[in-house]
Amino acid sequence: MDISRQFVRQKQPCAEGFRWFLRHFERGSDYQPLLDALVDAGRVSDACWLMDQFGPTKSVLEVDALDVDAMVFAGSLHVRGPIDIGTVLRVGGSLRADSGLRVGRRVEIGENLWAAGNILAMGKLKVDGDVRADWSLLVEESLDCGGDLRVGRDIEVGAGCRVGGQTAVGGDVSVGGNMECLSHLRIRGGLKVRGNAWAGQGIEVREGIAVRDHLEACWGIVAGESITAGGAIKAGESLEAGEFITAGEGYGIYAGLNVPVDVWEASAWVRARALPSRLLSGHWRGSSAS
């Protein structure tokens, strides 16, 4: 892609960035060499702005390892060894890492992200497609995944977490803000959320669920241990805990919100070790201990 001065001017760049472009590329430049030059000059935000204007390409780059301060690549990237980025990693297509991935500030991937090891982002992680980490996923700020999220071990997110598809996790999940999963949420460990937790389908957790504010699923909620929330607990269908179900002081527990009352016994039953206090809807089936 040939980027001319007229082409750039039409996108209304900042004055300082446009002057830099004229000084270094008076006759224009190809797309990726311009991105590389901006990053080398420390103008990473300008490189990201340029990608916002012109979008991804179909090019593919394969390297043995990646250890740089920042990288903005318009195509897809395949790294056979470890990835260590000091500040920003921006990829227009997909990123495949045959080892681990560590980024000091922000990660933004236009398609899918897959890592055979850990994914560690010291800032924000935004992926428009699927995210897969065969080991653990650690994000110090927010996580925004547009597709499915699959992690072999633990997930720890410092702020909010949004997943557009299904979530499957082999270990524990800890989220420092709100958690939103537009599809099904399945966790083999425990779930701890320091905000609201919401799922567009069901929630299955092998251990316990602890939510600081409200807990809600449009389908059912099942936990192998206790379910606790500082606010209300709402399930569109059934609700079950291996131990106890406890809502916040003054809040209710609701099952069967999305099914007719006359089918509650089959599709909106509630089970726990003891009858939950303030169970306001659903069919109490009896103690899970029996």
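General remarks:
- The alpha carbon convex hull volume per residue for the stretch 215-290 rounds to 68 Å³.
- Taking one quarter of the surface of the convex hull spanned by the alpha-carbon atoms of the stretch 56-125 gives a direction-averaged projected area of 3.6 nm².
- Look at where the Cα atoms of the stretch 30-75 and of the stretch 197-269 average out, and the two centres are 45 Å apart.
- Cα-based Lys proximity count in the chain, under 23 Å, for pairs eight or more positions apart or on separate chains: 5
- Taking L89, L182 and counting other C-beta atoms within 10 Å, the order from fewest to most: L182, L89
- For Cα Rg over 2.2 N^0.38 Å, calculated from these coordinates, the label among [x] 1.09; [y] 1.02; [z] 1.23: [z]
- Counting Lys and Arg as +1 and Asp and Glu as -1 over every other residue whose Cβ lies under 12 Å from the Cβ of A47, the net charge comes to -3.
- Shape call, the stretch 142-290: gyration tensor on alpha carbons, a/c limit 1.5: prolate
None of the figures in this text is laboratory data; all of them are computed from the coordinates on show. As the structure is a prediction and not an experimental result, all values here were calculated from the model. With ideal geometry, Cβ positions are generated from the backbone for all residues, glycine too; neighbour counts draw on all protein chains shown.
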